[in-house]
Every structure is written in C-alpha cells, then in structure tokens.
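Single-structure report; data block below.
Read-outs throughout are calculated quantities, based only on the coordinates presented, and are distinct from any laboratory measurement. As the structure is a computational prediction, the values presented were derived from the model and not from experiment. Here the Cβ positions follow ideal geometry from the backbone for every residue, glycine too, while neighbour counts run over all protein chains shown.
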Amino acid sequence: MTDSTLLHASVSHLRQLLKDRAVSSEELTQACLKQIDETNEALNAVITVCPEQALESARAADSALAKGESKSLTGIPLLHKDIFCTRGVRTTCGSRMLEQFVPAYDATVVSKMKAEGVVMLGKCNMDEFAMGSSNETSFFGTVKNPWDLSCVPGGSSGGSAAALATGMAPLVTGTDTGGSIRQPASLCGVTGLKPTYGRVSRLGIIAFASSLDQAGPMARTAEDCALALTAMAGMDDGDSTSANLPVPDFHSALNPNLQGLRIGLPREYFNDDLNTDVRARVMAALSELEKAGASLIDIDLPHSHYAIATYYVIAPAEASANLARYDGVRFGYRCEQPSDLEDLYQRSRSEGFGEEVQRRILVGTYALSAGFYDAYFNKAQQVRRVITEDFRRAFEQVDVIAGPSAPGVAFPFGAKQQDPIAMYMEDIYTLAVNLAGLPGLSTPAGLINGMPVGLQLIGKPFDEQTILNAAHRLQIDTDWHSARPNLETIAS
Amino acid sequence: MNWEIVMGLEVHLQLATQSKIFSGSSAQFGAAPNEQADAVDLGMPGMLPVLNEQAVRYAVKFGLGIGARIGDRSVFDRKNYFYPDLPKGYQVSQFFSPIVCEGMFEVPLEDGTLFPIRITRAHLEEDAGKSVHDVFQQETGIDLNRAGTPLLEIVTEPDFRSAEQAVAYLKALHSLVTYLGISDGNMSEGSMRCDINVSLREKGSQTLGTRTEIKNVNSFRFVERAIHSEYERQADILESGGTITQETRLYDAEQNVTRSMRSKEVANDYRYFPEPDLLPIVIDSDYIEAVRATLPELPGAKRTRFTSDYGLSEYDAALIVPHHAMADYFEAVVQFCKAPKPAANWILGDLSGALNRNEMGIEESPITPERLAGLIVRIEDGTLSSKLAKQVFDAMWEGEGDTDEIVATRGLKQVSDSGALEAMVDEVIANSPDQVTQYLAADEAKRKKLSGFFVGQVMKASKGQANPQMLNALLLEKLNNQS
C-alpha cells in the first residue's frame with residue numbers, strides 16, 4: 001500500500017486495515033508525521049507536533065490491537081484544534097496570549113477520544129480564539145488552502161480542515177461557534193459536523209462564546225464523523241450545559257435509506273443573493289438526495305436576516321467576559337516591566353491579543369454597557385428566541401433543512417481582511433444554526449473552478465443521525481467527498 | 001437641626017459548605033495560600049463552573065427562615081470588573097433574578113419587643129480571593145483560597161433608624177444563620193461582612209437624603225462605631241450647609257473615622273449579563289418542602305417557648321436563645337433537674353463567667369449539662385447551700401467528678417440536722433454574752449444586722465456546711481428567747 005493511499009483513506013477503512021494487521025498504527029502514525037513534516041511548511045496547518053508522544057501512543061495501540069483489546073478508534077491518528085486543552089502539550093488558541101500555555105488538564109473531548117484509542121499527532125492552527133472565518137487572525141500565521149495556496153482555508157478551524165485535506169491526519173477536531181467547522185469544511189472539501197449544543201462537553205475547550213461554542217469532528221466521510229461523534233459526545237458532570245441524554249451509536253445506526261425524508265429549502269437561503277455557481281452545486285447535491293427518495297420542500301425562516309446582527313452582539317458580549325481572565329496576572333502573556341496594575345492590564349492585553357480579538361472585546365463590552373444593554377444584548381437575546389422558533393416551526397414540516405455552507409468558495413488572502421462586515425458575511429448560512437443550538441453538517445458538493453463547495457444539512461435538536469444518514473447516502477451515490485487537492489506542488 | 005439617620009444593610013454571609021460554590025476545592029478557612037484553589041478557582045482556560053447544590057439548599061433554608069419568597073427560577077449573572085484577586089475578570093453573582101426574594105425579619109430588641117426589618121432579597125455569589133500587601137517587598141501577593149467560596153448577600157430595605165437597631169439586626173441574623181447551620185457567622189474570619197448604607201434627613205421628612213456606603217465592617221462594635229462616626233460626619237456637613245457626596249467609604253477603626261475610597265475603584269459599570277455556563281436554578285415546591293422539613297426550631301419560636309414553658313423572663317430568654325449551643329445546653333440541664341430558673345441563673349452566671357475567663361465556648365464546657373443539673377438538684381433538695389454549691393462548681397470545673405462525688409470526698413454536706421445545729425447555736429450564744437446583750441438592746445432594724453455575727457460564728461463552727469435557712473430560723477428563735 002502506498003503512503004498516498006494510506007494518507008487519504010477513511011477512518012473506517014483504516015480501522016479495518018489496523019484490525020487486519022495490514023498496517024500498524026506506528027506505520028500509519030509515521031506516515032502522517034512524515035506528511036506533516038513535508039507539507040506543513042507550505043500550509044502552516046499545524047502549530048505543535050508531538051512525534052514522540054504520538055509514536056508512543058501508536059505502539060500502545062498496536063499492542064492493544066494485537067491483544068484484541070481495541071476500542072472504536074484505537075490506533076487512528078488525529079490532530080486536535082489548538083483550542084482543546086491537552087495536558088502537557090502547549091495549547092495556544094492561535095494567540096500570542098497563550099503562546100507558552102501548557103495546560104495541566106485534558107479537555108473532556110481529548111480524554112474521551114484518548115480513551116477510545118486515538119493517537120494524537122499535535123495541534124492545529126486556527127483563528128485567534130476562534131474569531132475569524134479565514135484563519136488570517138492566527139498569531140501563528142495564516143493557514144493556506146491546499147486546493148490553492150493563495151487562498152484561505154476558511155476558519156476558524158482552518159488548520160484542522162487544511163490538515164485533513166492534505167492527509168496529515170485522517171481525523172481532526174474543530175469547534176463551531178458561528179460556522180467554524182462547517183465553513184472551512186466547505187472551503188477545503190471535507191465533511192464537518194457541528195453537533196447540537198450540549199451534545200459534546202465544552203469542559204477544557206477554551207471559551208469564545210459559551211452559549212454558542214460546540215465541538216465536533218471533521219473527517220473525509222460522514223461515516224467517519226459518525227464514528228468520531230460517538231466517541232466525543234455525552235453528558236459531562238463538569239459541563240452544566242451538556243445534555244443529559246443517552247448517546248446513540250451514530251455509526252452502527254447509519255442508514256442510507258432516505259425514502260420519505262423531507263428536506264426543507266429555506267427561501268431566505270435560496271434567494272437572489274445566492275451565488276449562482278454555489279446554487280448550482282447545492283441543487284445538484286440536493287437532486288441526488290431527491291433521487292435517493294427524499295422530497296424537497298420550500299420553507300420559510302422569516303427572521304434569517306437578523307442572524308448576523310444577533311450573533312455579532314451575543315458572541316462578542318460573551319467573549320468580552322470570557323477573555324477577561326487573560327490579564328497577565330496568573331498565566332499567559334505578560335507585558336515587560338509594567339509600571340502599575342493598569343499598565344499591566346492594558347499592555348498585556350493590547351500586546352497579547354490581535355486586532356480582531358480586540359475588536360470583538362470592544363464590541364461586546366459596548367453591547368453590555370449601562371444604557372445599551374436593553375437595546376443590544378437584551379434585544380439580541382429576544383431575536384435569538386425568535387430565530388430558534390423559526391426553526392422549530394420549520395421542523396414541523398421537514399426532517400432536515402438544507403442550504404449552502406458558505407456563500408462562495410475559498411477567497412484569496414487579504415480579500416476580506418480590511419472589511420470585517422464582508423468577513424462576517426462568510427457565516428451568513430451557518431450562524432443561525434448556532435443561535436438555535438441545532439446540529440449542522442457540511443458535506444462536499446463538487447467543485448467550482450477547481451475549488452470545493454459544501455452542502456449544509458441542518459437537523460432537529462439532538463438528531464445528528466438524520467443529517468449523518470443523508471450525507472452518508474450522498475457520499476455513497478457521489479464521489480465529491482473523494483476529490484483531493486493536488487499536493488505535488490506543495491511537498492516540494 | 002434634628003437629624004434622623006436612615007440605613008439599609010447588606011450582609012455578605014459565607015455559607016458553611018464543604019466545597020466551593022462552583023468547584024470541588026475545600027472551602028475551609030486557614031489553609032496555606034493558594035492550597036485550596038484548583039483550575040476552576042484560578043480561572044484557567046476552558047474551565048467551567050458546576051453549581052454546588054449545598055449552597056442552593058442553604059440559601060433556600062435562609063429564605064424559609066425569614067419567611068421569604070423563594071424564586072422559582074433564579075439565574076446567575078456575570079459581574080464584570082478587573083481586579084488581580086478576581087481570577088476570571090468577572091464574579092458569578094445573581095443580579096436580575098435572585099434565589100431569595102422579599103421577606104420580613106423580626107429582630108428582638110433588648111426590651112423584648114420585636115422590630116420588623118424588610119429583606120429586599122438575598123442572592124448567591126462567589127467570593128473573590130485576597131490581595132496580600134504585607135508579605136512581599138514592593139509586591140502584592142494573591143491568595144485565591146477564598147476565591148469561589150459561596151456567599152449569600154442579604155440586602156435590607158432602608159429600615160434602620162439607629163446604630164442599636166443595626167447591631168440588634170446583625171446579632172439576630174448571626175443567631176438565625178447559626179441556628180440554620182448555614183454559616184459559622186464568624187465575623188473575625190470574614191464569614192459575615194457588613195456594608196452599611198447611611199443617609200440623614202430632617203426629622204419628619206419623608207424623602208431620603210444622599211447616602212454613602214460604608215464597606216466591609218467586620219464586628220458588631222465597629223458597626224456601631226462606624227455608624228456613629230458617619231452620622232457625625234454627615235450631620236456636620238449638612239449643618240454647615242454642605243451636601244453629601246454619594247460614595248463608598250471605608251471605616252478606619254483605629255482613628256474611628258470613615259474615609260472615602262478612591263472614586264476610581266468604585267466608578268464601575270459591571271455590565272451584568274446572564275452566565276451562559278450555568279443553567280437557571282429551578283426550584284419547585286417539592287424541593288422547598290423537603291428543605292422546610294429540615295428546618296430546626298428558630299430563635300423566635302424558641303424564645304416564646306422558653307418564656308411560656310419554662311417561665312423564663314424575656315431578659316433571660318433573650319440572653320440564652322441567640323446562642324444555639326447555650327439554648328441546647330439549657331434544655332439539657334432542665335431535662336435532668338426540672339428547675340429552669342436556677343438552670344438559667346447558673347448558665348448565665350457562674351458557667352458563662354468561667355467560660356469567658358477561659359475563652360471557651362459552651363460546647364467545650366468541662367461541666368456537662370447533666371453534672372450542672374446534678375448540682376442544682378442538690379441545692380434544691382437542701383443538701384448544699386449556695387456557698388457550698390459554688391465550691392462544688394469550682395471543683396467540678398477542675399474535673400473532680402460529679403456533685404455527689406465532690407460532696408463525699410470533700411465532706412461538704414450541708415448540716416441540716418436540727419439537733420446538731422441547735423448544739424452549735426447554743427454554744428455560740430453561750431460564748432458570746434456581750435454580743436447577745438448588744439443584740440437584745442437593739443431595735444428590729446439593727447438586730448437584723450447584728451444577727452450576722454452569730455450566723456458567721458455558726459458557719460465557722462460548721463465549716464460552712466450549716467444549712468443557712470435552718471440556721472437563720474433557729475438562731476432568731478434562740479436569740480429572741482434570751483430575754
């Protein structure tokens with residue numbers, strides 16, 4: 001088996017190979033580390049690599065496999081977004097503020113996946129504190145899109161998406177506060193799942209906006225996402241907002257039979273603002289699902305156009321408080337020679353945080369200020385409930401809601417960096433899903449001028465299974481998810 | 001001019017939970033700096049709060065203890081400000097929807113009357129850490145042991161009109177929370193800290209004057225003195241035609257003055273908003289009833305019972321009841337000796353005196369209630385005179401055994417044998433002819449005084465063991481028969 005085949009195999013396939021001892025976890029891990037070594041300089045998708053630790057885990061996995069004691073992901077290499085705290089491994093959140101931060105604890109997601117036998121290779125680059133849609137806000141430099149190195153990979157989980165598309169790892173994690181899994185998945189041609197809010201524990205994930213943040217898997221197939229979600233999900237006593245619900249085995253429950261599935265197409269998504277090429281790809285994907293037995297129904301999400309404004313009040317407001325702990329006192333970046341306490345705060349935060357993070361802290365602080373609270377934060381909370389109610393009503397008619405994952409394909413570096421509003425529009429189709437706490441998935445829907453585009457499927461609360469089933473069927477009937485970037489130019 | 005002082009109080013009560021309100025760290029006082037602070041308390045990235053149910057139960061207990069309405073859905077909020085001993089840069093508190101809503105607290109005054117205080121609200125919040133300024137040269141240390149300790153902030157309406165009322169309220173509150181077992185109420189360790197809102201107005205006026213807030217006063221005595229000193233300060237300003245600035249002030253106990261805090265530290269916009277990491281606390285009637293079932297008899301009910309069932313005076317009841325342990329001790333003594341009034345007298349007198357001298361609480365008393373009751377029984381049955389009883393008490397304090405043992409080993413039994421007493425009296429009269437003559441010559445009033453000599457002589461002869469009542473009767477009879 002060639003390295004290239006191995007590097008682009010799905011987790012499900014690799015599981016079989018490992019089980020059959022056709023390949024060892026150590027060999028697989030070596031191959032991934034080699035790929036990181038050869039391609040990361042060009043892509044900058046990974047911030048921290050831990051080869052020794054990875055090889056050690058791989059050998060432990062091999063001995064478990066030899067004894068027939070394997071778990072669901074034993075021996076599978078994986079990269080975590082650098083927002084998940086990893087015990088003993090630097091966790092930067094893409095920020096100068098945490099450049100030297102080494103947590104003393106694992107995030108629940110990290111420990112759960114460790115318990116399932118994964119081999120952690122390292123930590124992926126990301127927008128600073130997950131604030132961005134292009135990976136241009138990272139203190140550790142921009143991540144390149146492997147499909148076109150002059151373009152962004154999307155964000156904030158852009159490093160994870162690019163690493164996955166490049167074959168650095170068959171499985172990566174991401175977090176999604178307003179589209180940060182689905183939009184980069186769309187722009188890099190991979191499958192990404194944002195679970196229902198509360199499905200996956202947030203403990204140990206560095207907070208951006210607590211009421212919106214949700215972790216999820218990114219992989220080459222929906223089937224792999226189902227495997228990974230089963231490993232990640234579950235009630236956690238350490239996260240009061242995690243849902244006290246049983247976690248189904250999403251993988252064994254996968255069912256490609258879509259007979260009778262009702263898919264809603266919001267008029268507000270498929271309006272004249274939708275890019276015609278994107279519309280064509282999304283409709284092509286939807287007609288595949290229709291052929292498989294699903295019916296397409298026009299629906300209304302009448303308050304969709306408030307989603308961006310609502311999100312950009314609530315998320316920065318929560319972030320302004322979540323990021324207050326980075327004050328240079330106990331951990332993280334501290335300015336040189338502070339003259340007094342005020343100076344310590346001001347310079348540590350001005351020097352430790354990048355421009356976009358500071359912008360959002362300021363916006364959030366403003367929205368919560370005396371005299372503005374009712375007009376901004378309170379109003380946004382009310383609109384959030386209205387948007388949630390839109391979805392609830394729509395789901396009385398349909399089982400899944402579909403739309404684009406992003407308004408277009410990957411764009412060149414700098415194209416939107418000077419215009420925050422244009423950048424915020426990148427998440428126009430994903431934000432509302434976070435506001436409503438729903439599960440959402442992006443699955444590849446083909447290429448536009450050689451660049452990937454994604455179909456977004458939105459599910460009812462805690463019904464990840466149905467959107468995984470639909471994506472799985474699409475991936476059986478089409479090979480869009482198998483399209484790969486040409487890496488020859490990269491590894492030179 | 002005649003000024004009326006108007007005050008409202010805010011008490012920060014530390015709840016005596018095992019662990020902190022949002023983390024598993026111990027909430028005990030006195031550990032070495034930062035030994036009781038975990039990743040949650042330190043505000044480390046990715047850490048999340050988990051609400052301690054015991055803190056909720058204690059808050060509900062308090063609410064039921066003052067007959068307040070319990071919020072069926074209370075919500076935590078973030079109170080945002082930067083301070084080095086506030087690890088997250090926000091304090092988790094309850095601003096919009098507190099757990100305990102309006103209630104009424106009846107404060108007993110010294111004369112036994114009840115003084116009603118309206119409670120505005122009581123809410124749960126986490127304490128901050130401590131900045132330590134006196135350990136390092138030119139540097140400030142931060143101790144986060146206290147960070148995350150559960151507090152109940154109890155806010156009153158502006159119902160106080162004197163320092164005495166304020167202190168009476170605080171004492172009654174202290175008594176209530178120790179009865180409820182929700183706090184040790186230890187003011188010197190900061191378990192109960194008081195902010196006082198003070199304003200003055202002309203007597204008879206219905207409008208409130210501009211108030212100042214005196215922060216963090218930590219003893220009953222300082223509360224009283226801080227109020228008096230702030231009253232004087234505000235009265236001086238108003239009488240010289242000035243106006244009061246609304247501000248936060250600190251009480252300096254050494255100088256007995258209040259001082260303005262720098263306005264920079266108080267001019268805060270806290271930007272409260274609902275804490276997204278915690279779910280609302282939903283409390284149903286089942287929960288409330290389950291907590292109500294655990295409530296002990298509270299001080300008010302106990303005072304009533306002690307006066308009606310035991311016949312104690314309001315005064316004695318008011319001294320015994322506020323101290324839960326003392327009330328329990330009293331009832332235990334009464335159970336054994338069936339003599340409530342002597343029990344109260346011994347507890348408030350000799351026992352309290354000895355405990356105070358030794359700086360001990362009644363829980364640590366070397367004399368058990370059963371032993372004190374044994375002593376009272378021997379007084380009541382005439383075995384011991386009060387003088388002998390004090391000797392026995394002292395011996396008991398020293399651990400010499402119970403009353404009967406001490407009486408036996410020391411031979412302290414009161415002489416109540418009338419024949420033996422008579423012989424002693426006869427001997428004293430026979431040996432004191434001058435005194436007898438003097439006695440017989442005196443009028444009724446003087447005789448009483450002169451009889452003391454004979455009593456003393458007989459007591460001396462009996463080594464203090466003569467039964468005083470019998471001796472008195474016998475002596476009078478014999479003396480009056482001399483003529």
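Points worth noting:
- Residues that are more than 19 Å from the chain's Cα centre (by Cα) number at least 3 in the following helices (runs of 4 or more DSSP H) confined to the stretch B:244-358: B:263-266, B:285-292, B:299-310, B:324-337, B:340-346.
- Index of the failed condition, B:Y83 passing every other in (1) free of Cβ contacts under 8 Å to residues at least 40 places away in the same chain; (2) within 14 Å of chain A (Cβ to nearest Cβ); (3) among the hydroxyl-bearing types (S, T, Y): (1)
- Restricting A:G159, A:G154, A:G234 to those that are within 22 Å of A:V278 (Cβ to Cβ) and more than 14 Å from chain B (Cβ to nearest Cβ) reduces the list to A:G154.
- From A:L265, A:L301, A:L296, residue being away from chain B (no Cβ under 14 Å), part of a loop (DSSP other than H, G, I, E, B) and over 21 Å from the mean Cα position of the chain (by Cα): A:L301
- Residue tally, condition surrounded by fewer than 24 Cβ atoms within 10 Å (Cβ to Cβ), in a strand (DSSP E or B) and hydrophobic (A, V, I, L, M, F, W, C), over the stretch A:438-476: 3
A quick yes/no check of all residues on (1) touching a helix residue (DSSP H, G or I) at 6+ places or on another chain (Cβ under 6 Å); (2) touching a residue at least 24 places away in the same chain (Cβ under 8 Å); (3) among the acidic types (D, E); (4) within 14 Å of another protein chain (Cβ to nearest Cβ):
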position: B:L48; (1), (2), (3), (4): no, yes, no, yes
position: B:L51; (1), (2), (3), (4): no, yes, no, yes
position: B:P98; (1), (2), (3), (4): no, yes, no, no
position: B:T120; (1), (2), (3), (4): no, yes, no, no
position: B:Q137; (1), (2), (3), (4): no, no, no, no
position: B:D159; (1), (2), (3), (4): no, yes, yes, no
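- In the stretch A:65-76 there is at least one residue matching the filter, namely being away from every other protein chain (no Cβ under 14 Å) and assigned to a helix (DSSP H, G or I).
- Restricting attention to the stretch B:139-157, the residues being touching a residue at least 12 places away in the same chain (Cβ under 8 Å) and not in a strand (DSSP E or B) number 8.
- A single entry from B:E102, B:E164, B:E157 fulfils the requirement of being in contact with a Leu (Cβ under 9 Å, 6 or more places away or on another chain), under 23 Å from B:G8 (Cα atoms) and of a type in the set (D, E, K, R): B:E164.
- Restricted to the stretch B:172-196, and to residues there that are surrounded by 19 or more Cβ atoms within 10 Å (Cβ to Cβ) and assigned to a strand (DSSP E or B), the residue that is farthest from the chain's Cα centre (by Cα) is B:I196.
- Among the residues making up the stretch B:14-46, those that are in contact (Cβ under 8 Å) with a residue 60 or more places away in the chain and in contact with a helix residue (DSSP H, G or I) (Cβ under 8 Å, 6 or more places away or on another chain) are B:L15, B:A16, B:T17, B:I21.
- Residue among A:R347, A:R360 that alone is among the charged types (D, E, K, R), farther than 18 Å from A:A315 by Cα, away from every other protein chain (no Cβ under 13 Å) and part of a helix (DSSP H, G or I): A:R347
- Evaluation of A:G174 against the conditions (1) surrounded by fewer than 24 Cβ atoms within 10 Å (Cβ to Cβ); (2) touching a Ser or Thr at 6+ places or on another chain (Cβ under 9 Å); (3) at negative phi shows that the sole unmet condition is (1).
- Residues of the stretch A:311-330 that turn out to be within 7 Å of chain B (Cβ to nearest Cβ) and under 21 Å from the mean Cα position of the chain (by Cα), as a count: 1
- For the stretch A:105-120, the criterion of being assigned to a loop (DSSP other than H, G, I, E, B), surrounded by fewer than 24 Cβ atoms within 10 Å (Cβ to Cβ) and within 12 Å of chain B (Cβ to nearest Cβ) is met by at least one residue.
- Selected residue [surrounded by fewer than 19 Cβ atoms within 10 Å (Cβ to Cβ) and among the charged types (D, E, K, R)] from A:D327, A:D390, A:D343: A:D343
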